[in-house]
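Below you'll find the structure, written out as structure tokens, and then a few comments.
Every number here is computed from the coordinates shown, using simple stated rules; none is lab data. Worth saying up front: this structure is predicted, and the values here are computed from it rather than measured. All Cβ positions, even for glycine, are placed from backbone atoms using ideal geometry, and neighbour counts span all protein chains on display.
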Amino acid sequence: MTLPALEARGVTKHYGHVLALDGADFSAFPGEVVALIGDNGAGKSTLVKTLAGAIRPDRGEILVDGAAVQLASPLDARRHGIEAVYQDLALAPDLDAAANLHLGREIYLVPFLRVLDRRAMRQRAIEAFAELGVELPDVGLPVGTLSGGQRQSVAVARAVVYASRIIFMDEPTAALGVVQRGRVLDTIRRVRDRGVSVVLVSHNMPEVLAVADRVEVLRMGRRVATYTASQASVEDLVGAMTGALELSNGGGGAP
Amino acid sequence: MTDPQPATGTPSAPENARPAQPARRPDGGGSPARRIAGRLTGVSETWTLLALIILIAFFTVKAPGKFLTLTDFSLMGQGAAPLLVIAVGETFVILTAGIDLSVGSLLVLTGVVADLYCIHHGGAGASWAVIAVGCLIGLATGLGWGAVQGFLVAKAKVPPLIVTLAGFIAAGEGVAYLITGGADFRTVPNRLVNTIGLGSVAGVPWLIAISFAVAIVAGLVLALTGFGRYTYAIGSNAEAARRAGIRVDRHLIKIYALSGLLAGLAGILSLASFDSTTIAGHAFDNLEAITAVVLGGASLFGGRGSMIGTVIGLAISTVLLEGLVIIGVNQYWQEVAIGGVLVAAVYLDQFRRRLRQRA
């Protein structure tokens with residue numbers, strides 16, 4: 001069996017008295033789409049942030065290709081080829097798409113004086129968007145003037161351009177219309193076909209089953225089930241999410 | 001209270017819904033000329049420049065032969081030189097969505113400190129070496145003071161308004177008065193006054209040459225370098241900058257240190273220009289600098305603005321004050337005018353923001 005590209009073992013995270021992750025496990029294998037699902041408060045976002053280096057776990061191990069690593073910052077995660085698209089997109093609305101794509105990774109014309117190579121960055125942005133089939137009116141427009149779908153595309157493109165191992169996408173389609181949603185799902189498949197794993201956090205069960213190869217279910221800060229997507233039904237997933245499969249008093253939290 | 005949402009509804013849905021708003025730009029093209037015109041009118045500097053031109057035209061008509069003269073513009077430029085240097089630093093700070101109220105006080109303090117050294121090492125006849133050391137001490141004071149303020153803002157998370165207001169009082173009303181005992185130092189090295197304060201280089205007064213050189217270099221840094229880009233990025237979305245791997249705290253400390261350093265330089269220019277430490281004369285420099293920056297199209301909420309805008313903005317307030325003097329308006333009305341302009345500028349900023357959000 002191949003090693004997971006990225007694996008979490010027994011990750012625990014407290015926020016004050018709130019236990020967000022309670023010994024959570026997670027694994028993503030090379031070149032697969034894993035859906036990470038769970039009810040609200042199950043710890044999905046916390047787990048994603050932990051694995052993307054945005055927060056540090058209290059306990060637990062993170063392994064890249066089977067070797068334990070420390071992800072102290074998003075930069076550490078990036079060095080391992082890990083990128084994330086968060087729900088809030090994390091774009092600077094006053095900067096243009098090219099600037100956002102290169103934020104923190106600028107190309108310099110005169111490195112000593114940190115003079116930016118705007119033309120190179122613009123060119124690279126145009127290529128990146130073209131490759132993803134993203135249509136922007138102008139990569140020189142401030143991102144804040146773009147539509148929600150276009151902004152989403154910029155954030156996704158930024159992750160895709162740099163990710164060599166794995167991309168986390170936290171609810172990438174929640175804000176999108178039907179056409180754009182389809183486009184993001186296409187992008188996910190295309191990225192996977194390049195050998196990069198994609199972790200999709202989503203509430204949309206049919207979408208999860210349509211695009212994911214595997215599904216991991218979080219409940220109350222732990223992994224409670226994993227499914228092969230082709231052999232699971234929406235009922236299975238909902239049951240695992242709410243605990244109805246394990247416990248008889250499921251609480252009726254089905255979406 | 002009734003809650004129409006079922007308990008199981010996703011609480012994050014309302015936030016998600018926001019970016020899903022339909023595209024804001026229905027234009028989708030148009031002729032190149034129209035697009036250029038659109039760009040130009042979209043750039044706030046265009047409007048600011050227009051306002052400046054109208055203002056100059058108004059005073060020229062009102063006071064023919066008096067207002068629009070070369071000497072008058074040169075005097076205005078020299079008078080505004082320390083303020084321009086301060087406003088350059090303030091631009092960086094405001095772009096990060098911060099504010100620096102300490103600048104006028106810091107100007108006074110650095111002038112006092114620099115002059116204190118010169119007084120003890122030759123006084124009015126101090127050599128260039130002494131003047132250089134005095135200036136370096138002044139600049140270091142500004143830099144250090146600004147860095148401490150930056151540290152408090154970035155690391156201790158004290159709001160910049162409070163940090164720099166405290167800095168304003170401590171530097172201007174506290175330390176500067178402690179050193180001078182409340183009476184201005186009137187012994188300033190002659191060499192400094194006669195050169196920087198009154199002299200010219202290649203026909204351009206030193207004050208103007210230095211202040212514009214600072215503005216140009218800072219403008220280039222802001223527009224063309226990674227330092228400038230990070231400044232915009234932090235003001236636009238600090239969390240995004242952080243997640244992009246930008247060391248936001250360190251950058252903020254640098255920005256406030258830069259503002260302090262420039263206040264220090266302004267202090268030396270002021271010292272040279274007035275031949276005195278003018279400890280009571282800079283209480284409103286901070287507001288004037290902020291007015292210039294905001295008039296120039298910068299947003300107090302960060303992320304938007306430019307150095308050329310600040311220069312135009314400062315020109316507007318300078319021309320306004322000078323013009324009011326020339327057409328004989330009571331001096332106290334000028335203070336009212338500056339206050340009014342500041343409020344108007346901030347209102348404009350709010351108005352622009354609302355336009356952008358609604359569009």
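Split chain B at each of the chymotrypsin sites (Phe, Trp or Tyr not before Pro) in a DSSP loop with at most 16 other beta carbon atoms within 10 Å, and the longest piece is B:1-283.
Anyone know which of B:Ile338, B:Ile316, B:Ile290 comes out most mobile in the 10 Å Cα GNM of chain B? Of the options given, B:Ile338 has the highest mean-square fluctuation.
Measuring from centroid to centroid over Cα atoms, what is the spacing of the stretch B:104-159 and the stretch B:307-337 in Å? After rounding, the separation between the Cα centres reads 29 Å. Largest GNM mean-square fluctuation across B:Leu136, B:Leu178, B:Leu52, computed for chain B with C-alpha springs under 10 Å, falls on B:Leu178.
Straight-line cross-link reach from A:Lys13 at under 25 Å between alpha-carbon atoms covers these lysines, not counting any fewer than eight positions away in the same chain: A:Lys44, A:Lys49, B:Lys155, B:Lys157.
Translational diffusion coefficient of the protein assembly as shown at 20 °C, 1.002 mPa s, Stokes-Einstein with Kirkwood Rh over Cα pairs, in µm²/s as a whole number.
Details: Rh = 27.2 Å.
Translational diffusion coefficient: 79 µm²/s.
Where both residues lie in the protein assembly as shown, what percent of DSSP beta bridges are antiparallel, nearest 5? Walk me through the numbers before you get to the answer.
Details: 28 of 46 bridges.
Just about 60 percent of them are antiparallel.
Neighbouring Cβ atoms from other chains, within 10 Å of the Cβ of residues in A:106-113, number 2 on average.
Inter-chain Cβ neighbour count for A:96-105, averaged per residue, equals 4 (cutoff 10 Å, partner chain atoms only).
Tell me, B:Thr277, B:Thr71 in order of fewest to most beta-carbon neighbours within 10 Å? Please list the in-between numbers first.
On the way: B:Thr277 29, B:Thr71 7.
Least to most surrounded, the residues fall as B:Thr71, B:Thr277.
With a Förster radius of 22 Å applied to the C-beta separation of A:Ile126 and B:Thr46, the computed FRET efficiency comes to 0.20.
By the gyration tensor of its Cα atoms, with a ≥ b ≥ c the square roots of the eigenvalues, what is the shape of the stretch A:1-89: rounded for a/c under 1.5, prolate for a/b over b/c, or oblate?
Details: a/c = 1.37, a/b = 1.35, b/c = 1.01.
Since a/c stays below 1.5, the shape of the stretch A:1-89 is classed as rounded.
Sorted fewest first by neighbouring Cβ atoms within 10 angstrom, A:Ser153, B:Ser276, B:Ser270 come out as B:Ser276, A:Ser153, B:Ser270.
Separation of the stretch A:170-193 from the stretch B:41-87 is 53 Å, based on Cα centroids.
Enumerate the helices in chain B for which the Kyte-Doolittle hydropathy averages -1.0 or more and the C-alpha atoms extend at least 30 Å along the helix's axis, using complete DSSP H runs. For chain B, where a helix must reach 30 Å along its axis and average at least -1.0, the hits are B:70-95, B:128-154, B:248-274, B:331-358. Against the longest alpha carbon principal axis of chain A, how many degrees, from 0 to 90 and to the nearest 10, is the axis of helix A:118-131 turned? On a 0 to 90 degree scale, this one is about 50.
When each pair of different Cα atoms in the stretch B:67-358 is counted once in the 1/r mean, what is the Kirkwood radius in angstroms, to one decimal? Hydrodynamic radius (Kirkwood, Cα only) of the stretch B:67-358 equals 19.2 Å. Under 5 Å from the amide H of A:Gly60 lie the amide H atoms of A:Thr12, each residue being 5 or more positions distant or on a separate chain, with H modelled from the backbone and absent for Pro and chain starts. Using C-alpha pairs under 8 Å with a sequence gap of at least 6, the mean separation divided by the residue count of chain B gives a relative contact order of 29 percent.
Taking amide H as placed 1.01 Å from N in the peptide plane, B:Ser200 has its amide H under 5 Å from the amide H of B:Trp206, each at least 5 places away in sequence or on another chain.
With runs of 4+ DSSP H residues as the only contributors, calculate the mean residue ellipticity of chain B at 222 nm using -39,500 (n - 2.57) per run, divided by the residue total and rounded to the nearest 500.
On the way: 15 runs with 242 residues, N = 359.
After summing the helix terms and dividing by residue count, I get -22500 deg cm²/dmol.
The magnitude of the dipole of chain B, with charges of +1 and -1 set on the Cβ of Lys/Arg and Asp/Glu and taken from the Cα centre, is near 1400 debye.
Other residues whose C-beta falls under 15 angstrom from the C-beta of B:Ala154 contribute a net charge of +3, scoring Lys and Arg +1 and Asp and Glu -1. Comparing A:Ala128, A:Ala232, A:Ala35 in a Gaussian network model of chain A, where Cα atoms under 10 Å apart are tied by springs, the biggest mean-square fluctuation is seen for A:Ala232. Annotation for B:Asn190 and A:Glu61: the two label points, set 7 Å from Cα along the Cα-Cβ direction, are 8.0 nm apart.
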